[in-house]
Structures are given as C-alpha cells and as structure tokens.
Amino acid sequence: MKIQIINGPNLNLLGKREPEVYGSRSFEEFLEELKTRFPSIEIHYFQSNVEGELINKIHEVGFDFDGILLNAGGYTHTSVAISDAIAGVTTPVLEIHISNIYKREEFRHKSIISKSCVGMISGLGLKGYELGIRYFL
C-alpha cells in the first residue's frame, strides 16, 4: 500500500509556528514515527507553500497511490484549482486539518476542497494523519 501525505502552505513551520495551535513537533519528526508505526505501508511526504506545486503532486500520484492525505492549509478555503485537481484523479483524497477549523476564524469554516474528498479529519492534531492512514487500511 502506498500513501502520499501532502502538506500545504506554512506547514513547514510545524513545531515553530503557533505551538499552542499546532504543537511543538516538526512534521519530519512525526513522519518518522508514522513510518515506524506502519512499516508495511509505503508513506511518501511532500510539502509546498506553492499552490501549483501541490496540484502537480496530486496529478503525479493521483492514479497510482492507494490514498492521499491532504492538508491544504489556507488553500483549503480559497483554491478551486486544488479542488478540481482532486476531482480529476482516481486516488481517494482525505482532507486533514491539525486544528479544528470550526473553532477558528469564520472564513476557515468553509472548505472548497471538501466536496472532492472522501472525508475530513479536523481538530485532532497530528493524530489525524495516523487516523487517515488507518482509514485507508
């Protein structure tokens, strides 16, 4: 089984940015833990702050992988193009959010990408990625 994790803008700052919201661990540290916890799964990771690069990665893996865990960050609320990219591939995409988007600013309550995803995990911290992998199992 192959799972692609895609993190969007500002998620390269995990562990540094707003630790009260996002925690104090870097994603790279957490990724090693995930790979140890799921040794039989091929887990790939990609992060970019650039919308087009996220779309390119969805296109690249969207026909060959068993699942994509996508945390589109702020693009969740603004990117029709990412939503269209998800709709255009056959690999199922699960939307992930570290924070509870419904406890944040009102503009974050609307996800443009949700309609193209199989579901959403929001507000469970980094644990949401682990639960996402379990969903695909």
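Asp66 meets all of the listed conditions (1) open to solvent by less than 60 Å² (accessible area, probe 1.4 Å); (2) under 15 Å from the mean Cα position of the chain (by Cα); (3) under 17 Å from Val118 (Cβ atoms) but one, namely (1).
Taking segment 75-90, which residues are open to solvent by 10 Å² or more (accessible area, probe 1.4 Å), free of Cβ contacts under 8 Å to residues at least 40 places away in the same chain and assigned to a helix (DSSP H, G or I)?
His77, Val80, Ala81, Asp84, Ala87 - these are the residues of segment 75-90 that are open to solvent by 10 Å² or more (accessible area, probe 1.4 Å), free of Cβ contacts under 8 Å to residues at least 40 places away in the same chain and assigned to a helix (DSSP H, G or I).
The single residue among Glu60, Glu20 that is under 23 Å from Glu106 (Cα atoms), open to solvent by 70 Å² or more (accessible area, probe 1.4 Å) and assigned to a helix (DSSP H, G or I) turns out to be Glu20. Restricting Val93, Val21 to those that are modelled with pLDDT under 95 and closer than 17 Å to Ile121 by Cβ reduces the list to Val21. Scanning segment 43-57 for residues that are open to solvent by 70 Å² or more (accessible area, probe 1.4 Å) and assigned to a helix (DSSP H, G or I) yields Glu53, Asn56. Would you check if Leu69 is in contact with a Gly (Cβ under 8 Å, 6 or more places away or on another chain) and part of a strand (DSSP E or B)? For Leu69, the condition - in contact with a Gly (Cβ under 8 Å, 6 or more places away or on another chain) and part of a strand (DSSP E or B) - is met.
If I ask for residues that are in a strand (DSSP E or B) and either in contact with a Gly (Cβ under 8 Å, 6 or more places away or on another chain) or crowded, with 19+ Cβ neighbours inside 10 Å (or both), which ones from segment 115-129 would you list? Within segment 115-129, Ile121, Ser122 qualify.
With respect to the conditions (1) closer than 20 Å to Asp64 by Cβ; (2) in a loop (DSSP other than H, G, I, E, B), Pro9 lacks only one, and its number is (1).
The residues of segment 24-39 that are surrounded by fewer than 17 Cβ atoms within 10 Å (Cβ to Cβ) and closer than 21 Å to Gly74 by Cα, listed by number, are Ser24, Arg25, Ser26, Glu28.
Taking segment 23-41, which residues are part of a loop (DSSP other than H, G, I, E, B) and either in contact with a strand residue (DSSP E or B) (Cβ under 7 Å, 6 or more places away or on another chain) or among the hydroxyl-bearing types (Ser, Thr, Tyr) (or both)?
Across segment 23-41, the qualifying residues are Ser24, Ser26, Ser40, Ile41.
Based on this model, can you work out whether Arg104 counts as open to solvent by 50 Å² or more (accessible area, probe 1.4 Å), more than 18 Å from Lys2 (Cα to Cα) and at pLDDT below 95? The answer is yes for Arg104. The condition of being among the aromatic types (Phe, Trp, Tyr) and closer than 25 Å to Gly15 by Cβ does not hold for Phe65.
The values are calculated or read from the model by the stated rules, or taken from the named source; none is laboratory data. Note that the structure is a prediction, hence the values are computed from the model and not measured. Heads up, the Cβs are rebuilt from the backbone with ideal geometry, glycines too, and the neighbour counts pull from every protein chain shown. SASA here: full protein model, heavy atoms, side chains in, ligands and nucleic acids out. Shrake-Rupley method; radii C 1.70, N 1.55, O 1.52, S 1.80 Å.
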